[in-house]
Amino acid sequence: MSLSPTDSTLASPVIPSKRRRAHTNQQSPPLMDESSTASGATPGHIPKRGARACTACRKGKNRCEGEAPCRRCQLSGQPCIFEKPEKKNGQLLSTASVERLSRLEGQYVVMQSQMIGLQTSLDRILAAVTQPGAPGVMPPGPPPIYPQTLREGPGPGYVTNVSGTRTGLDPQYDPALMQDQRPPGQRTFPPLPGFAPPPHKYATYGIVPSTAASSEDESEETLPRSTINAPIEALQGLANAAAEAAAAPSFSASSRVKKRKRTEPIPRNAFPHVVEKGLVSDVEAKELFHIFFSGCHLFIPIFDVSYDTYEGLMERSPWTFDAILAVAGKIKSGNNPPAPSFYKALEEAQGIARSSLFGPVVRKEAVQGMLLLAAWSTNGWLPSGHAMRMALDLGLHRALEKLADSNGKKRGEEEERDLVVSSRIWLCLYWFDHQMSLGTGRPIVLRDESSIRHCRVLLSHPMSSATDVRLISLVELVAQKTQIYETLTSMNGQVNHNTLAFIRRASEALDKWWRDCDELHRQTMDEDSLLVKILAGELHYAKLWLVCVALRGVSWDKMPFEQRELAFQAKDAASNCLSIFLCSQDYRAALRYAVHDSLVTAAFSGLFLLKMANLFPGELDLGSITSQVEQLAQLLSDVAAERYALTLRVMLANLRRKVGLAHPGGPGDAMVLGGQPQGQPFADPHAPPQPLVPPQQPPQPITMEELGLHFPQGAPAPPALHPADIPVWLQEQSLSDLGLPVNGSDGIFMNLSRGTGWPGEFAPMPEAW
């Protein structure tokens, strides 16, 4: 029999009392037969306390004389029977069990001594820190949040906010001027940006803390079994308890808290928001807040419009509030240079985000702020990973399971709201993290599918929001795409009969997903609703993505008939996806609020159609394809997504030149596609070899009109487009590759931030938030 540490500690104090009782029983006279007992018993005998009772008296819960026969049995005429004493528990234990019990007791003694030593050390440290006038120790009081060096006057060329941080956003900053002001022989550097972490202690602030009792029979005074799985968190809790006990005015045993606290109270916000700081006016902040909730919350369904109000978010989380204003400021500017409110809100939100890297996370709204900064950034992989770690630290991955399993307990409204909000944050973060991994070709870090098992519970909850149905659809879709990606990756690019059969089964599973989710949407929406259109577009793009992952590395001229049919099915999916984007007026208007993932969906569909048109010009309707792509490029330019629009324009211009399609442009400022002549662009691999001819003149450069770009009259010509600016997946040698690149969207679209990037006339916008 194996005993738990709790059982061993509770059983050890009982052994001495049992030994004393056994010693008393050994000193009592031996039992005799009834005749001898009856003759030798004295009428005034009073049994000693703790003597054994006969069977009849014990069943009736009566006092027994302890000698056979007792008086009650004699009067009732019942046989007076004394059972033999039971054997001790120690006698039933085997030698191995006794050794195990002794070993566990020894381990418990060692752990207890270590805890006592840790608490003693903490008491000494706290006594030294709180002692006034100690040499080298700051006087008591709240420590300053920011270093004194940052709060002093900044140098030229940097904008200073209230917290003293500086960034290189000052338009008057001149590096040459800074170089002239340096003392001879001395090199100076600007201070690092960011805020110092707030003085919060590391503790359990989560909705479902791991230090909670593992079961109902686990008392508050015992060591919970979950602390064995999280020893560092348990030690942090002990350290916090010791700090609170040391800070108490009395150090007596009666003043110490006996019950263990499950969660720490959430401290106040350490950072003010931009309105409180006076960086953005209240009128402009309300306007930006309204812009965000006009469409942004549909693409990142992490908010509840009825609960996340202007005043509510401003009070609960300045970080999330500033991030909302920054995203709305970017959307409001469009193709124009951003307003100062955008940079101020972004600077404050980024500063608070940097401070969370080395400080504890105390509230769940912080995860919302970090997720917003990641979602509207072109490089959101790192911030989304940090948001995932923050959510795990808060225990948000356990909120959905607790929301689904109430155990018959009635929770308060505040606790219920916390669980609903935490579940919504975790589901949105789970979807976004997996989508980032699948879209960029990076490995999926989180593998715990059990945390989303009860996702549909959120739909039937009274506190569910209107966008929860879209959130559940996204989570279920990304779960299926993850299984598809892992299965196709294990096939190592081999397209055989098993691969084609799996693609058919996966396509049927995607259709089933759409039918189920469409039924959920139709309960509260009609077929022309924006969310229903977005759902249909995600279905078509998922089918396109499925084929592109399967055909990765497969050349079109070597594909058999079945693979060729798959390519044309993917073409139909891409065309349907573009039709939804272009034919729905609500969808076209909502693209200005979209995150980069939605823009990639539209742009990649257009690029795939252009690749298919290059490979099969005689089997496709080139006029329809070029018209669709041209409309999409103009739409992306209107919503300030020039990175994707320019990639489409370059590909479209090359297709028109190859097939001889007329373009509406005329002669204008030229842009050279490459440095060296490359002969006829996009040569047909099936064309017969041509005889050697003398070198011809280089091809005519692509004009601005061909790309659909118009610059002011008399403006200087932009620099030549460097070959490195065109992704390999779009170059001539890769036109026969219809598969998705290994690095995902990073290997498809042009990067305008390179040193050779073209053109440099677009509005400056930070890529990495």
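The values are calculated or read from the model by the stated rules, or taken from the named source; none is laboratory data. Owing to the predicted nature of the structure, the values given are computational and were not obtained by experimental measurement. Using ideal geometry, Cβ is built from the backbone for each residue, glycine included, and neighbour counts are taken over all protein chains shown. Just so you know, the surface numbers come from the protein's heavy atoms only, side chains and all, with ligands and any DNA or RNA stripped out. Shrake-Rupley method; radii C 1.70, N 1.55, O 1.52, S 1.80 Å.
Summary table below
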{"quantity": "Candidate residues 575, 473: accessible-area rank, largest first, probe 1.4 Å", "calculated": "575, 473"}
{"quantity": "Relative packing of peptides 73-79, 390-396 - highest average C-beta neighbours within 10 Å first", "calculated": "390-396, 73-79"}
{"quantity": "Approximate spin-label separation residue 444-residue 125, in nm, with each point projected 7 Å along Cα-to-Cβ", "calculated": "4.1 nm"}
{"quantity": "For the stretch 454-534, with +1 on Lys and Arg beta carbons and -1 on Asp and Glu, the positive-most of 482, 498, 463 along the dipole", "calculated": "498"}
{"quantity": "Global form of the stretch 480-627, assessed from the alpha-carbon gyration tensor, a/c cut-off 1.5", "calculated": "oblate"}
{"quantity": "Mean Cβ neighbour count within 10 Å, used as a protection proxy, ranking 613-620, 379-386, 297-304, 422-429 highest first", "calculated": "422-429, 297-304, 379-386, 613-620"}
{"quantity": "Using θ = phi - 60° and Karplus 6.51 cos²θ - 1.76 cosθ + 1.60, couplings along the stretch 726-738 (whole Hz; Gly, Pro as x)", "calculated": "8, x, 4, 5, 9, 7, 4, 6, 10, 5, 7, 9, 8"}
{"quantity": "Note, ³J(HN,Hα) from phi for the stretch 433-446, Karplus 6.51, -1.76, 1.60, rounded to Hz, x at Gly and Pro", "calculated": "5, 5, 5, 5, 5, 5, x, 10, x, 8, x, 7, 7, 8"}
{"quantity": "Residue-by-residue Karplus 3J(HN,Hα) for the stretch 473-489, coefficients 6.51, -1.76, 1.60, Hz, glycine and proline x", "calculated": "4, 5, 5, 5, 5, 5, 5, 5, 5, 5, 5, 5, 5, 5, 5, 5, 5"}
{"quantity": "Of 286/332; 201/344; 201/286, those spanning more than 24 Å from alpha-carbon to alpha-carbon", "calculated": "201/344; 201/286"}
{"quantity": "Restraint check, 402/512; 330/512; 61/84, Cα-Cα greater than 26 Å", "calculated": "402/512; 330/512"}
{"quantity": "Net charge, residue 339 excluded, C-beta distance under 12 Å - Lys, Arg +1, Asp, Glu -1", "calculated": "+1"}
{"quantity": "Cα-projected label distance for residue 731 with residue 582, points at 7 Å along beta-carbon direction, nm", "calculated": "3.0 nm"}
{"quantity": "Dipole moment magnitude, nearest 20 debye, the stretch 346-480 about Cα centre, only Lys, Arg, Asp, Glu C-beta charged", "calculated": "220 debye"}
{"quantity": "Relative packing of 742-749, 628-635, which averages over residues the other C-beta atoms within 10 Å, highest first", "calculated": "628-635, 742-749"}
{"quantity": "Cα-centred dipole magnitude for the stretch 312-351, charges only on beta-carbon of K, R (+1) and D, E (-1), debye, nearest 20", "calculated": "160 debye"}
